[in-house]
Amino acid sequence: MNKLLFIYIVICYLIASVFTLENTITIQNQLLGSSILVIIFGIPHGAIDNILFLTESNLSKKVFYLLYFLSMLLYCFLWFISPLYSFIFFLFMSAYHFGESQLSNYNIEINFSKFIFLIWGVALISTLFLYNAEELSNLFNSYDDTSNFSIIFKYNVLDFLFYSSNFVIVLSLLYLKINKLITNEIFSTELFQIILLHITFFIFPVIISFTLYFVFLHSIKVLLQEYSYLEQKISGLNLMKFIKLLAPFTLLSLFFFIIFILISNIYNIDISLLLFLIISISVITLPHSISMTSFYDKINFK
Amino acid sequence: MQLIFFLYFCALLIKKKNMLLSIMEPIAPDNYVAFTFFLGYIAMFAASIFFFVERGSVDKKWKMSLLVSALITGIAAVHYYYMRDYNLATGDSPTFFRYVDWILTVPLMCVEFYLLTKLAGATKKLLWKLIFASTWMLVCGYIGEAFNPGGDAATSHSVTWGILSTVGYLYILYTVWIGEVALLAEKSNSETIKKGVRSLAWFVLVGWAIYPIGYMCMDGGWLSSIMDPASIDVWYNIADAINKIGFGLVVYTIAISESNKQLAN
């Protein structure tokens with residue numbers, strides 16, 4: 001268990017105490033807490049993709065930004081053509097990204113490591129969705145433009161993904177352990193983490209569950225990896241300098257988000273806040289996951 | 001000396017058994033609580049004898065660790081023997097005796113961490129910190145569970161004392177996984193001790209987690225709808241037996257392995 005997992009456990013106990021005392025945490029408070037944590041840790045973890053990608057790369061800044069924004073535009077276009085397929089693509093892309101961030105630091109040297117990353121993420125997302133199916137289905141159904149997303153809860157697709165991915169990921173971990181590609185310690189920690197995520201996703205509401213994972217087990221972990229990588233590349237890097245590096249794109253993202261909220265309040269824009277959130281997160285996630293794949297290749301190659 | 005002590009202990013138990021045979025209630029086949037008390041008593045008594053006898057097989061510096069392991073399971077065995085009778089006679093959960101057992105055995109489990117890392121430089125301060133944290137955890141837990149005023153104040157009482165108790169648990173968890181104990185184990189230059197301390201830390205993380213979960217399953221607790229409060233004794237009994245015997249077995253493995261290494265040198 002590392003410090004992040006310890007913090008995660010402490011926070012789970014704290015939230016459990018609040019639930020015992022108050023019986024519930026209102027949606028408003030859940031969203032408030034979640035937004036604060038996502039703004040402080042979630043957005044910044046993807047705010048230095050440019051620096052990470054361009055370090056030790058032959059690609060020029062212009063080409064990088066061009067490709068970065070082009071991929072975002074393309075994805076926006078895909079959303080315009082088919083929201084449902086774009087949403088499904090977003091889920092699988094996020095699944096791969098989460099799996100990669102979870103397991104890539106073990107530097108697993110097998111041909112199907114990328115498949116394991118994907119399955120780990122599918123297990124994570126399907127577990128979150130299955131345990132909170134009713135809550136999510138109601139949320140999607142509360143807006144016209146997101147109601148067709150609740151199709152993922154039909155035809156037992158989610159059940160199939162939940163059982164198969166969790167089974168395959170445990171089997172994969174066993175395979176890696178038996179073939180000595182990961183240590184017993186890593187195996188136990190990963191297994192424990194999977195069980196812990198199941199418990200958290202089962203007992204807490206979806207917003208709290210996802211925020212806990214996304215902030216403490218994903219974003220902060222990635223921020224620490226980024227800091228430790230840049231420490232070797234930028235002489236005299238300290239926390240203040242690192243925050244300054246994170247600031248521009250974090251603030252820019254927040255600026256655009258606030259602008260949208262203002263515009264949508266002034267003009268009657270034909271898109272729900274939920275769909276807007278999903279689209280904006282997904283279009284940022286696409287180039288971010290590509291940049292992170294390149295980043296993990298770099299740190300593992302070292 | 002060991003043999004004399006062991007024979008004396010067995011004679012005491014036989015005498016107690018003869019005294020109690022006449023008043024002992026039979027365990028109904030569906031009484032899992034009483035059955036697991038019985039099973040826990042037998043398992044921990046056997047483990048106690050094993051650790052005590054095996055003290056002779058290890059190097060001098062590991063004898064204390066095995067004695068502590070034998071004491072942990074021995075104390076628990078005596079309590080389980082009593083708790084089974086109590087449960088059979090009253091049908092109630094023996095909360096008081098359970099806490100008496102824990103307040104004696106859990107600090108001893110913390111002593112094991114000190115004994116294991118002593119060679120790497122663990123200080124008495126660490127020992128007292130762990131003992132204090134474990135006692136704090138149990139006293140707060142007991143107040144939360146046994147002195148619940150009921151009514152409107154019931155939840156706030158149990159949550160307040162539950163949080164205070166959890167602080168003690170988290171302190172121990174931090175110390176053995178990330179803090180002083182983990183660092184000392186790393187410093188010990190012995191793979192066996194590193195692995196052993198890590199295994200004991202897993203017991204604290206996973207095995208001990210049943211206690212705060214059990215606490216939350218009390219009547220009116222947040223998890224009482226997930227787990228039936230009446231069945232929590234069964235889980236406590238199983239967890240207690242696994243934790244205490246498992247803890248001792250890890251210590252025994254380290255002691256044997258390190259003693260064999262010493263012999264080979």
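The values are calculated or read from the model by the stated rules, or taken from the named source; none is laboratory data. Keep in mind the model is a prediction, meaning the values are calculated, not measured. As a convention, Cβ positions derive from the backbone with ideal geometry for all residues, glycine included, and neighbour counts pool all protein chains shown. Protein only, heavy atoms only, side chains kept; ligands, DNA and RNA dropped before computing areas. Shrake-Rupley method; radii C 1.70, N 1.55, O 1.52, S 1.80 Å.
Inter-chain Cβ neighbour count for B:203-213, averaged per residue, equals 2 (cutoff 10 Å, partner chain atoms only). Averaged over the residues of peptide A:11-21, the number of Cβ atoms from other protein chains lying within 10 Å of each residue's Cβ is 5.
Along segment A:214-230 the Karplus relation, 6.51 cos²θ - 1.76 cosθ + 1.60 evaluated at θ = phi - 60°, assigns HN-Hα couplings of 4, 7, 7, 9, 10, 4, 5, 4, 5, 4, 5, 5, 5, 4, 5, 5, 5 Hz to successive residues, with x for each Gly and Pro. Our coupling estimate for segment B:136-152, obtained by passing each phi through the Karplus curve with A = 6.51, B = -1.76, C = 1.60 and θ = phi - 60°, is 4, 4, 6, 5, 5, x, 5, 4, x, 8, 8, 9, 5, x, x, x, 5 Hz, Gly and Pro reported as x.
Largest first, the extents of the alpha carbon coordinates of segment A:133-189 on the three principal axes equal 51, 20, 16 Å. When a 1.4 Å probe is rolled over the protein heavy atoms, the share of accessible surface on segment A:3-298 that falls to carbon and sulfur comes to 71 percent.
Based on every Cα atom in chain B, Rg and the maximum pairwise Cα distance Dmax equal 19.4, 66 Å. Using a simple spin-label model with pseudo-atoms 7 Å out from Cα toward Cβ, residue B:191 and residue B:59 lie 1.7 nm apart. The value obtained for chain A, namely the Cα convex hull volume divided by the number of residues, is 152 Å³ per residue. As a calculated quantity, the FRET efficiency between residue B:35 and residue B:119 at R0 = 41 Å, using C-beta atoms, amounts to about 0.50. Measure up A:180/A:233; B:63/B:129; B:61/B:261; A:114/A:241 against 25 Å on the Cα-Cα distance and list the ones that go over. Violating the 25 Å Cα-Cα cut-off are A:180/A:233; A:114/A:241. Over every Cα atom in the protein assembly as shown, the radius of gyration and the widest Cα-Cα span, Dmax, amount to 27.6, 91 Å.
When peptides B:159-170, B:244-255, B:139-150 are sorted by average Cβ neighbour count within 10 Å, with the highest value leading, the order is B:244-255, B:159-170, B:139-150. Which of A:176, A:196, A:252 ends up with the largest GNM mean-square fluctuation for chain A, with Cα atoms connected below 10 Å? Residue with maximal mean-square fluctuation among A:176, A:196, A:252: A:252.
A 1.4 Å probe run over the protein chains yields, for the protein assembly as shown, 50 Å² of accessible area per residue, whole-number rounding.
Contact order for chain B, expressed relative to its length and based on alpha carbon pairs under 8 Å spaced 6+ residues apart, stands at 21 percent. In this structure, the amide hydrogen of residue B:208, modeled 1.01 Å from its nitrogen in the peptide plane, lies closer than 5 angstrom to no residue at least 5 positions away or on a different chain. Dividing the summed helix terms, -39500 (n - 2.57) for each DSSP H run of n ≥ 4, by the number of residues in the protein assembly as shown produces a 222 nm estimate of -26000 deg cm²/dmol to the nearest 500.
Taking all Cα pairs closer than 8 Å and separated by 6 or more residues, the relative contact order of segment A:3-298 comes to 34 percent. Computed over segment A:105-260, the quotient of the alpha carbon radius of gyration and 2.2 N^0.38 Å is 1.27. Working note: Karplus 6.51/-1.76/1.60 with θ = phi - 60° gives segment A:201-213 the couplings 5, 6, 8, 9, x, 4, 5, 5, 4, 5, 4, 4, 5 Hz, where Gly and Pro are set to x.
Taken over segment B:96-186, the alpha-carbon convex hull comes to 74 cubic angstrom per residue. Placing +1 on the Cβ of every Lys and Arg and -1 on the Cβ of every Asp and Glu, with no other charges, gives segment A:3-298 a dipole of roughly 700 debye about its Cα centre. For segment A:60-104 versus segment B:116-135, the spacing of their alpha-carbon centroids is 51 Å.
For segment A:229-274, the square roots a ≥ b ≥ c of the C-alpha gyration tensor eigenvalues yield an a/c of 1.5 or more together with a/b exceeding b/c, which makes the shape prolate.
Between the C-alpha center of segment A:261-302 and that of segment A:186-223 there is a gap of 21 Å.
For segment B:92-183, give the magnitude of the charge dipole about the Cα centre (Cβ charges: +1 Lys/Arg, -1 Asp/Glu; no others), in debye to the nearest 20.
Charge dipole, segment B:92-183, about its Cα centre: 460 debye, nearest 20.
With the gyration tensor restricted to C-alpha atoms of segment A:17-57, the semi-axes of the equivalent ellipsoid amount to 37, 9, 5 Å, longest first.
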